[in-house]
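The structure under discussion appears below in the form of structure tokens.
Please treat every number below as a calculation from the coordinates, not as lab data. Values in this document were obtained by computation on a predicted structure and should not be read as measured data. When we count neighbours, we look across all protein chains shown, and the Cβ atoms used for this are built from the backbone with ideal geometry, even at glycine.
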């Protein structure tokens with residue numbers, strides 16, 4: 001704020017009035033900066049990508065309060081995080097497969113064969129169960 005004291009009109013103002021003037025000017029400058037930054041378009045979600053972003057789902061009760069621009073920004077955030085989540089899920093799947101192969105290496109050949117037999121028996125039993133869609137109760141009329 002030193003530049004404000006060098007202004008020609010400040011020479012004739014008392015010290016107390018000068019500090020009030022400096023404070024008022026600072027508030028005006030901050031308000032102008034706030035208005036200018038609020039009017040700038042969102043740089044995080046370029047318009048080119050808007051057509052490429054699939055529509056997501058808004059969190060509960062958001063649809064009643066958000067503007068279309070906020071809705072788009074939420075979809076963009078969900079899209080961006082979903083890409084990262086998908087990469088991590090692929091890594092997680094790879095780690096699970098790697099873990100299972102290392103666990104299987106601990107067993108002997110006879111033990112691996114027995115585990116495979118037990119898995120086949122379990123899958124046959126699961127196939128013999130009644131599917132859930134066929135197990136519907138009839139309407140009592």
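For the pair residue 126 and residue 88 in one chain, pulling the backbone fully straight at 0.36 nm per residue adds 10.6 nm over the alpha carbon distance. What the Cβ-Cβ distance of residue 97 and residue 61 gives, at R0 = 35 Å and to the nearest 0.05, is a FRET efficiency of 0.30. Applying 0.36 nm per residue to the separation of residue 69 and residue 109 and subtracting their alpha-carbon distance, the gain on full extension is 8.3 nm.
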